[in-house]
Amino acid sequence: MTTDIDDLMKKLVSLCKRRGFVFQSGEIYGGLQSSWDYGPLGVELKRNIEAGWWDFMVSTRPDVVGMDSAIITHPDVWKASGHLQHFHDPMVDCMKCKSRFRQDHVEGETCPECGGELTEPRDFGLMFKTSMGALEDDSATVYLRPETCQPIFVNFSNIVTATRQKLPFGIAQTGKAFRNEITARNFIFRSREFEQMEMEFFCRPEEAGRWFDYWVEQRLQWYRGLGIRSGNLRTRKHDESELAHYADSCVDIEYTFPFVTGGWGELEGIANRTDFDLKAQMEMSGQDLSFQDQAGNQKIVPWVIETSGGIGRTMLAVLLDAYREETVEGRERVVLGLHRDLAPIKVAVLPLSRKLDDRAEEVFRMVSPHLPSQFDVTGSIGKRYRRMDEAGTPFCVTFDFDSLEDRKVTVRERDSLGQIRTPIETLVDTLKDILASGWPDECGGA
């Protein structure tokens, strides 16, 4: 029997395909496992999440700067970081159904899928490698970056010289990373190609604890600002036994992903990486990556507080948190209650009748240069409202026959179903005000 959790994920995956958020990559060929393409609405939602992160972490702060590194990085970077030596997972296979698992994700010696016997564990390298240049021997081997943070450490001195930053300060970047996961599953929660949002904050060793606590709270605040309900977020401190070899401490920000055993899954990790990475890259390269403290006339190898989250996981949490089914006046509707800042479409302009298409399109052309908008004429007005509810569109603007006379349109709010009648002449300003300030309580709802 299908569980409620399975039902929810199936419904969300179906909505994502139906409304153009996420498609299975290579679907016409049967699909490529754990690879996903972002459709017209998905790419806008993803861009809005990334832009919100960049604004919160970089644009509005004087103490964080950005960079964008190459995906193919010098192989010595990964030798210095320990990835070439340590970036492996123990893998086991089921001898009956041929399913493959990480050993630490399996309890006992039998397959969780069919109960069959498992093989002995063996190492599975997680880095994707390829060849650069005309030859394909060991000397030409390079790797797709498995994370975005190491190039930040490699470029530390370059950025200090270029920006004249003083401690403490951060370097941030977003971009794709690649990990050849043994079991990539649960939609866009875990995939082999994903996008990270990372920031490395460099500080004096004695100040690392304070900055660690600061960034845990800052990052939790950002997720709340996306509209995710506080009750679905928590922080979890790592036990010493699960700390990475480079970490002094680590806290995960977790969300109530319904498919995760125990009910909570990682959204982001905040780690005190000490001075491990800079020293490792210094030792491998022979270059001095220390910071020259002019005030104290001394060289410091800073400690680093890292914030590391995934755009895909954040998008999945946002979609899960926003998804709801409800009955209004005896009719069921599916709604994505996306935060207004994240919604891919802010406004839909809908003519009540096809006879009004031309005049309604004039309104759309007036609105669209100012706000992400869509013009929809297909189907009944009720079906179009439902489509926009599923797409997470906060406001629908309806042009009706009265609009021909009074030069006003009806603005309908997605969540409350409240409506206001407003002049076309001031519609753009009205919409901008509502998007900035919220739907007026006096306008009511269903």
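On a 0 to 90° scale, report how tilted helix 427-437 is relative to the longest principal axis of the chain, with both axes built from alpha carbons and the result rounded to the nearest 10.
Between helix and principal axis, roughly 50 degrees.
Once you have the alpha carbon radius of gyration of the chain, what is it after dividing by 2.2 N^0.38 Å, with N set to its residue count?
In units of the 2.2 N^0.38 Å rule of thumb, it is 1.14.
Have a look at the DSSP beta bridges in the chain and tell me what percent are antiparallel, nearest 5.
About 85 percent, rounded to the nearest 5.
Three principal axis extents, largest first, for the C-alpha atoms of segment 233-287, in Å?
Principal axes ranked by extent give 48, 18, 16 Å for the Cα atoms.
Going down the table (K11/K46; K46/K346; K46/K79; K17/K98; K10/K129; K10/K96), which pairs top 22 Å between alpha carbons?
With Cα atoms farther than 22 Å apart: K46/K79; K17/K98; K10/K129; K10/K96.
For a quick size check, give me the Cα extents of segment 345-443 along its three principal axes, largest first, whole Å.
Its Cα atoms span 34, 28, 26 Å along the three principal axes.
What is the sum of charges around I424, taking Lys and Arg as +1, Asp and Glu as -1, for the other residues whose C-beta is under 15 Å from the C-beta of I424?
Counting the neighbours of I424, the net charge comes to -3.
Once both axes come from the Cα atoms, what is the angle between helix 276-285 and the longest principal axis of the chain, in degrees from 0 to 90, rounded to 10?
60
Summing Lys, Arg as +1 and Asp, Glu as -1, what charge do residues with Cβ under 10 Å from the Cβ of L435 carry, L435 excluded?
In short, +1.
Describe numerically, in nm with one decimal, the distance between label points set 7 Å from Cα along Cα→Cβ at R359 and at Q294.
Once both label points are built, they end up 6.7 nm from each other.
If packing is taken as the average count of other Cβ atoms within 10 Å, what order do 297-308, 322-333, 50-61 fall into, highest mean first?
297-308, 50-61, 322-333
Go through the chain and flag any cysteine with no other cysteine's C-beta closer than 4.7 Å, please.
Result for the chain is C16, C149, C203, C250, C396, C443, no neighbouring Cys Cβ within the cutoff.
Kindly rank 269-279, 74-84 from highest to lowest mean number of other beta carbons found within 10 Å of each residue.
Highest to lowest by the protection proxy: 269-279, 74-84.
What angle, in degrees between 0 and 90 and rounded to the nearest 10, separates the Cα long axis of helix 4-18 from the longest principal axis of the Cα atoms of the chain?
Value to nearest ten degrees: 70.
Whole angstrom only: what separates the Cα centroid of segment 239-261 from the Cα centroid of segment 332-403?
Taking the Cα centre of each part, segment 239-261 and segment 332-403 sit 42 Å apart.
Per-residue counts of other Cβ atoms within 10 Å, averaged by peptide: what ranking do you get for 6-17, 101-112, 198-209, highest first?
198-209, 6-17, 101-112
Per 0.36 nm of contour for each residue apart, how much would the distance between Q85 and S230 grow if the chain were fully extended, relative to their Cα-Cα spacing?
48.2 nm
So what are the ³J(HN,Hα) numbers for segment 225-241, from phi and the Karplus equation (6.51, -1.76, 1.60; θ = phi - 60°), rounded to whole Hz, Gly and Pro as x?
x, 7, x, 5, 5, 4, x, 9, 10, 7, 10, 9, 7, 6, 5, 4, 5
Laboratory data are not the source of any read-out in this text; all were calculated from the coordinates shown. Quick caveat, the model's predicted, so the values are computed rather than measured. Neighbour counts are summed over all protein chains in view; Cβ atoms, including those assigned to glycine, are modelled from backbone coordinates with ideal geometry.
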